[in-house]
Amino acid sequence: MNDVLEFHGRHRLVPVVVVDRADRAWPLAETLSDAGLPSAEVTLRTPAALSVISAMTACPGFVVGAGTVVRPAQVEQAVAAGARYVVSPGFSAAVDRECRQLGVLLVPGVATATELQAALEAGRDVVKFFPAAAAGGAAMVAALSAPFPSARFVPTGGIGAAELGDYLRLTSVLAVGGTWLAPRDAVDSGDFERIARDVREATTLVEHLR
Ligand SMILES: O=C(O)C(=O)C[C@H](O)[C@H](O)COP(=O)(O)O
């Protein structure tokens, strides 16, 4: 397994972050690292996102990926900024091709059996199950795992601390992602104490589930 996937499988949590200000990148990475979760999927939804990725790569041991990658050109930009992996909300053959060419891991999004089958056919065994809550939650992941035992899921979308156990108890779930670990408003306002508290609460929950 790719080292980024091993990392996520070990931590079992992926903070998905929407960062509006590049100067928040370093304190956010430090906060996440200190709280025991040295990684972030930085969504390419803000003008600052690529600068945020670059800044976070300077934090020792911090694993940074690019999220919301929907066009092939964004793959090159994300990799140039230092992203170690790429996440898409859906499955795009063009994005998949670009990731292959640049040798970067892609975690494509799937919400149905047909989409999962396409991702597996393309050799993508680890997929983002998105939007997890709206697409059927942990019950849907369990149902999809039966006919596709090789698939590993990173459910994301509408998940909070309360739902964590439902997903993480499934052996087919590699890790759970979400913005609840470092909400946009907390990042914007520089409320790193709140982020540290929420991340510690989540990592403690994960420890109890082991
Ligand atoms: O697919 C992408 O690249 C995305 O950006 C989708 C995000 O991962 C979710 O929107 C996070 O969902 P929440 O945790 O409910 O805020």
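Looking at region 17-26 only, could you name the residues that are in contact (Cβ under 8 Å) with a residue 60 or more places away in the chain and surrounded by fewer than 24 Cβ atoms within 10 Å (Cβ to Cβ)? Break it down into steps so the answer makes sense when it comes.
If we filter region 17-26 for residues that are in contact (Cβ under 8 Å) with a residue 60 or more places away in the chain, which is where we start, we get 17-21, 24.
If the condition is that a residue be in contact (Cβ under 8 Å) with a residue 60 or more places away in the chain and surrounded by fewer than 24 Cβ atoms within 10 Å (Cβ to Cβ), then VAL18, ASP20, ARG21, ARG24 are the ones that fit.
Being farther than 13 Å from GLY67 by Cα and either in contact (Cβ under 8 Å) with a residue 60 or more places away in the chain or of a type outside the set (Asp, Glu) (or both) is the requirement here; does THR112 meet it? When the stated conditions are applied, THR112 passes them.
The set of residues in region 46-62 being within 14 Å of the chain's Cα centre (by Cα) and within 16 Å of the ligand (Cβ to nearest atom) consists of ILE53 alone. Considering the conditions (1) open to solvent by 10 Å² or more (accessible area, probe 1.4 Å); (2) more than 16 Å from the ligand (Cβ to nearest atom); (3) hydrophobic (A, V, I, L, M, F, W, C), ALA151 is excluded by exactly one of them, (1). Just checking, does region 105-114 include any residue being β-branched (Val, Ile, Thr) and in contact with a Leu (Cβ under 6 Å, 6 or more places away or on another chain)? Checked region 105-114: at least one residue is β-branched (Val, Ile, Thr) and in contact with a Leu (Cβ under 6 Å, 6 or more places away or on another chain).
A quick yes/no check of all residues on (1) more than 15 Å from the ligand (Cβ to nearest atom); (2) in contact with a Phe, Trp or Tyr (Cβ under 7 Å, 6 or more places away or on another chain); (3) within 21 Å of ILE53 (Cα to Cα):
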{"position": "GLN74", "(1), (2), (3)": "no, no, yes"}
{"position": "VAL95", "(1), (2), (3)": "no, no, yes"}
{"position": "LEU106", "(1), (2), (3)": "no, no, yes"}
{"position": "VAL110", "(1), (2), (3)": "no, yes, no"}
{"position": "GLU115", "(1), (2), (3)": "no, yes, no"}
{"position": "LEU120", "(1), (2), (3)": "yes, yes, no"}
{"position": "LYS128", "(1), (2), (3)": "no, no, yes"}
{"position": "ALA133", "(1), (2), (3)": "no, no, no"}
{"position": "ALA139", "(1), (2), (3)": "yes, no, no"}
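When the criteria are applied in full, ALA162 fails the requirement of being over 22 Å from PRO183 (Cβ atoms) and among the small types (Gly, Ala, Ser). Of ALA29, ALA40, all but one fail to be away from the ligand (no atom under 16 Å from the Cβ), out of contact with any Ser or Thr (no Cβ under 6 Å at 6 or more places or on another chain) and open to solvent by less than 10 Å² (accessible area, probe 1.4 Å); the exception is ALA29.
Close contacts from region 63-82, counting a first residue that is farther than 19 Å from VAL14 by Cβ and a second that is within 15 Å of the ligand (Cβ to nearest atom), with Cβ to Cβ under 6 Å and a gap of 6+ residues or different chains, come to PRO72/VAL95; GLN77/LEU50.
Looking only at region 88-108, decide whether some residue is surrounded by fewer than 16 Cβ atoms within 10 Å (Cβ to Cβ) and in contact with a strand residue (DSSP E or B) (Cβ under 7 Å, 6 or more places away or on another chain). I'd like the intermediate steps shown before the answer.
Going residue by residue through region 88-108, those that are surrounded by fewer than 16 Cβ atoms within 10 Å (Cβ to Cβ) are 90, 93-94, 97, 100-103.
From what is left, the residues that are in contact with a strand residue (DSSP E or B) (Cβ under 7 Å, 6 or more places away or on another chain) are 90.
Yes, because at least one residue in region 88-108 is surrounded by fewer than 16 Cβ atoms within 10 Å (Cβ to Cβ) and in contact with a strand residue (DSSP E or B) (Cβ under 7 Å, 6 or more places away or on another chain).
Quick test of your reading of the structure: ALA161 fulfils all but one of (1) open to solvent by 20 Å² or more (accessible area, probe 1.4 Å); (2) within 13 Å of the chain's Cα centre (by Cα). Name the failing condition by number. Of everything listed in (1) open to solvent by 20 Å² or more (accessible area, probe 1.4 Å); (2) within 13 Å of the chain's Cα centre (by Cα), ALA161 misses just condition (2).
The values are calculated or read from the model by the stated rules, or taken from the named source; none is laboratory data. Every value quoted in this text rests on a predicted model; they were computed, and no experiment measured them. Heads up, the Cβs are rebuilt from the backbone with ideal geometry, glycines too, and the neighbour counts pull from every protein chain shown. All accessible areas refer to the heavy atoms of the entire protein, side chains included, with ligands and DNA or RNA removed. Shrake-Rupley method; radii C 1.70, N 1.55, O 1.52, S 1.80 Å.
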